[in-house]
Amino acid sequence: MLINVYSEYKNNTAFIYRVKDKTFEVTYKKFFNDVLILSRAFGAKGIKKGVKVVFVCDNRYEWIVTDMALVSLGAISVPKESSIPVEELEFITKNSEASFLILESESVYHKCKEMIKSLKLKSIFIIEAEKLHTIFDHIYSYNDMFVNREIYRNEIEEFMSLKDNLSKDDIFTIIYTSGTTGMPKGVILIHKNVMQNVKVLPSIVELKTTDLWVSILPPWHIFERTCEYSAISGGSTMIYSTIRTFAEDLVKFKPTLVATVPRLWESMYAKINSTLEKKDPKKAKIFKKLILISAKYNYNLRIVKDELPRFKKENIGSSFKKLIACIKLLFLYMPNKFAKNKLKLVQEKFGGRLRLAISGGGTLPDFLDEWIDALGIRIVNAYGMTECAPAISLRALNCNTFSTLGLPVEGTKLYISDENEENCEVGEVGEIVLKGDQVTPGYYNNDEENKKAFTKNGYFKTGDLGKLTIRNELIITGRSKEVIILASGENVDPSRIESAISLLPFVKDTILVGQDKKGLGMLLVPDFEKLKEYVHENFDKVVHSIEQVLEDKHIINKLKSDMNKLVHPKKGFKSFEKLQNIHFVEKEFAIGEELTNTFKKKRHVIENKYKEVIDKFLT
């Protein structure tokens with residue numbers, strides 16, 4: 001892929017990145033040359049086909065250069081983020097049987113220095129450091145290795161010929177999962193797995209060489225990594241951004257594509273609404289009304305165009321619904337035209353040229369899906385996992401059925417399995433299982449997990465619960481590994497309830513608890529300023545701390561009542577899904593502790609951390 005892109009798009013801009021106040025642009029020719037030089041340097045230090053290299057680095061241009069240099073040699077990368085705990089890095093390095101280590105900076109090295117001494121590593125490389133190598137050690141900075149940047153004519157041919165040493169079944173990378181449900185597992189991905197995604201994804205997002213992507217996610221995460229490979233494959237441009245500069249970069253570079261996770265969309269939703277409320281409450285009400293009009297118009301238009309999930313064939317009732325929707329569209333036509341025109345101002349916050357926003361790495365809640373759509377942004381709701389490199393299905397340009405995850409990607413055999421591994425009927429909920437060229441051959445050094453991961457007929461078990469529409473579009477209903485089983489035996493999917501409660505303005509984050517308990521409880525991370533406003537408005541009281549709120553039973557009971565209205569049976573929830581108790585958590589969930597790097601909650605970590613609280617408030 002790299003050789004083809006180098007030959008075809010040599011002078012196209014491949015990457016844009018910033019170092020402090022300076023902006024750098026890299027062409028595909030320079031990118032190719034940088035990869036060649038680093039590959040040459042790695043080869044001279046003993047990195048070759050089949051060796052494992054633990055690679056600890058965050059989002060930056062040097063990441064993709066290093067990644068491709070390792071690929072060219074047939075080495076197996078084992079990537080992780082620079083904030084990785086020392087104990088986890090030690091486990092991954094030993095479990096993967098790695099013999100080389102690449103670190104982003106000297107600070108990361110010093111953090112892990114004592115642990116590294118206990119490992120039997122051939123060499124350690126540090127990306128961002130002055131020259132450090134001495135004859136007494138095996139530590140090299142990139143500055144040590146880049147003394148000679150000259151490329152001789154025969155070297156390009158020799159570098160290109162390295163592709164002949166690789167096959168589609170060679171191991172490409174081992175990615176250790178983020179550990180939301182336990183210890184990390186090393187997911188093996190072969191070249192065939194990754195290239196299956198790179199072959200099918202560009203066409204269903206209609207990728208063009210003129211496209212500009214903004215990259216903000218950790219590059220070692222397979223969702224971001226595959227987006228980068230897809231961008232490269234089409235000769236388009238990737239802009240490396242950060243959470244700090246993201247909003248500014250959207251306006252400055254005016255991207256056409258953005259790939260991010262639901263958590264960041266939630267953050268944007270909260271930030272836009274809360275900023276408006278603080279500046280001008282009247283304008284905030286008008287904005288919400290405009291969103292409501294736009295969303296209602298879009299919904300009724302989808303009824304007419306048959307772009308909502310269907311589980312049975314159309315009948316007379318469907319025709320009547322379409323007629324009613326047509327009448328509503330007539331009344332909504334002018335208000336919607338006005339609303340859409342005003343909402344274009346919000347689109348300018350994304351640069352004004354955004355044609356697709358891709359959400360992956362987790363389930364996008366319905367209210368966010370509708371909100372983004374109401375703004376006039378075309379959202380690609382994607383579903384995947386590390387074990388599938390990652391794409392399983394996505395609602396891209398080949399599918400307009402809202403409230404679904406679209407169709408399985410090309411070459412994927414997918415069905416919904418019941419407890420006996422039999423195929424469920426349309427609309428029935430079961431476990432999502434699949435086969436395809438993107439599916440992992442298994443977990444590294446983990447026979448126990450490999451036995452559990454596949455059905456008898458060789459289909460991969462995702463651990464996710466879902467159902468299929470009559471047109472084979474996928475809808476996720478929950479995660480089987482995260483289902484809470486109450487003492488009464490009732491099964492509860494926490495994600496739906498957490499999503500509903502997060503609509504309250506004073507709620508920053510939530511986690512539902514209650515495994516083996518009589519009822520459900522919820523741990524809440526509050527926006528304390530908004531919580532103070534809520535208490536003042538509803539109780540005419542001024543509170544100065546979370547403790548004051550927790551000590552007032554009247555306030556807690558009212559909060560509980562408001563939350564239970566959101567999860568009422570009339571809204572599609574079961575009677576046993578109401579909250580028995582709530583507890584406010586003072587400290588926000590943090591990346592590397594309660595959250596993974598893609599903002600997924602580590603349920604087992606949170607439940608262990610707050611075990612005493614949970615046991616006390618769910619007695």
**Prompt:** If you line up the Cα atoms of segment 414-569 on their principal axes, what length do they span on each, largest first, in Å?
**Reply:** 63, 40, 32
**Prompt:** So who's got an amide H within less than 5 Å of the one on ALA14, skipping anything under 5 residues away but keeping other chains? H placed 1.01 Å off N, in plane.
**Reply:** VAL26, THR27, TYR28
**Message:** Please compute, over every Cα-Cα pair in segment 29-68, the percentage with a separation greater than 14 angstrom.
**Reply:** 50
**Candidate aspartates and glutamates for bridging to LYS574, where Cα separation is under 16 Å - those fewer than 8 sequence places away on the same chain excluded** = GLU490, ASP493, GLU498
**Asked** Among 3-9, 79-85, 463-469, what's the highest-first ranking by average C-beta atoms within 10 angstrom per residue?
**Response** 463-469, 79-85, 3-9
**16 Å Cα-Cα reach of LYS22 towards lysines, excluding residues that sit fewer than 8 places from it in its own chain** = LYS252
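Checking the a/c ratio against 1.5 first, then a/b against b/c, what shape does the Cα gyration tensor give for segment 50-201?
In terms of gyration-tensor shape, oblate.
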**Message:** Taking θ = phi - 60°, what integer Hz values does the Karplus form 6.51 cos²θ - 1.76 cosθ + 1.60 yield along segment 541-551, in sequence order, with x for Gly and Pro?
**Reply:** 10, 10, 10, 10, 7, 4, 4, 4, 5, 5, 7
**Message:** Please give the charge dipole size of the chain, origin at the Cα centre, charges +1 on K and R Cβ atoms and -1 on D and E Cβ atoms. Round to the nearest 20 debye.
**Reply:** 2100
**Rounded if a/c under 1.5, otherwise prolate or oblate - segment 234-318, Cα gyration tensor axes** = oblate
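With charges only on Cβ, +1 for K and R and -1 for D and E, what is the dipole size of segment 506-551 about its Cα centre, in debye, rounded to 20?
Here segment 506-551 has a charge dipole of around 200 debye.
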**Message:** Between 0 and 90 degrees, rounded to the nearest ten: what's the tilt of helix 316-347 against the longest Cα principal axis of the chain?
**Reply:** 60
**Asked** ³J(HN,Hα) across segment 534-540 via Karplus (A = 6.51, B = -1.76, C = 1.60, θ = phi - 60°), whole Hz, x for Gly/Pro?
**Response** 4, 5, 5, 5, 8, 10, 6
**Asked** From the phi of every residue in segment 353-369, what ³J(HN,Hα) in whole Hz does the Karplus formula 6.51 cos²θ - 1.76 cosθ + 1.60 yield, where θ is phi - 60° and glycine or proline is x?
**Response** 10, 5, 9, 8, 10, 9, 10, x, x, x, 7, 7, x, 4, 5, 6, 4
**Complete:** Taking Cα atoms, the helix 86-96 axis meets the longest principal axis of the chain at an angle in degrees (rounded to 10) of 60
**Request:** Quick one: which residues, 5 or more positions from GLY442 or on another chain, have an amide H under 5 Å from its amide H? H modelled 1.01 Å from N in the peptide plane, none for Pro or chain starts.
**Result:** ILE188
**Message:** Could you tell me the relative contact order of the chain? Use alpha-carbon pairs under 8 Å, at least six residues apart, and round to a whole percent.
**Reply:** 11
**Prompt:** What aspartates and glutamates could a cross-link reach from LYS111, if we take a straight Cα to Cα line under 19 Å and drop same-chain neighbours fewer than 8 places away?
**Reply:** ASP58, GLU81, GLU87, GLU88, GLU90, GLU128, GLU130, ASP137, GLU593
**Asked** Roughly how many Å is it from the Cα centre of segment 461-532 to that of segment 191-212, as a whole number?
**Response** 33
**Request:** Pull up all non-local amide H partners of GLU128: gap of 5 or more, or a different chain, and H-to-H distance under 5 Å with H placed in the peptide plane.
**Result:** SER105, GLU106
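With a sphere of radius 12 Å drawn around the Cβ of LEU212, what net charge do the other residues whose Cβ falls strictly inside it have (Lys, Arg +1; Asp, Glu -1)?
Charge balance near LEU212 sits at +2.
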**Request:** Can you tell me the 0 to 90 degree angle between the C-alpha axis of helix 61-73 and the longest principal axis of the chain, rounded to 10?
**Result:** 60
**Prompt:** Whole-Å semi-axes of segment 286-388's equivalent ellipsoid, largest first, each the root of 5 times a Cα gyration tensor eigenvalue?
**Reply:** 25, 23, 9
**Item:** Across LYS532/LYS601; LYS279/LYS530; LYS340/LYS601, pairs whose alpha-carbon gap is larger than 23 Å
**Value:** LYS532/LYS601; LYS340/LYS601
**Lys/Arg +1, Asp/Glu -1 at C-beta; segment 525-619 dipole; positive extreme among GLN548, HIS604, ASN538** = HIS604
**Item:** Bridge type composition, the chain - antiparallel percent by DSSP, nearest 5
**Value:** 50
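Given the pairs LYS208/LYS344; LYS278/LYS344; LYS451/LYS600; LYS467/LYS553, which span a C-alpha to C-alpha distance of over 31 angstrom in this model?
Table pairs above 31 Å Cα-Cα are LYS467/LYS553.
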**Asked** Where does each of 347-357, 213-223, 311-321 land if you order them by average Cβ count within 10 Å, highest first?
**Response** 213-223, 347-357, 311-321
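A short reminder: the numbers here are calculations on the coordinates, not readings from a lab. What you see is a predicted model, and the numbers here were worked out from it, not measured in a lab. In this analysis, Cβ positions are derived from the backbone assuming ideal geometry, glycine residues included, and neighbour counts consider all displayed protein chains.
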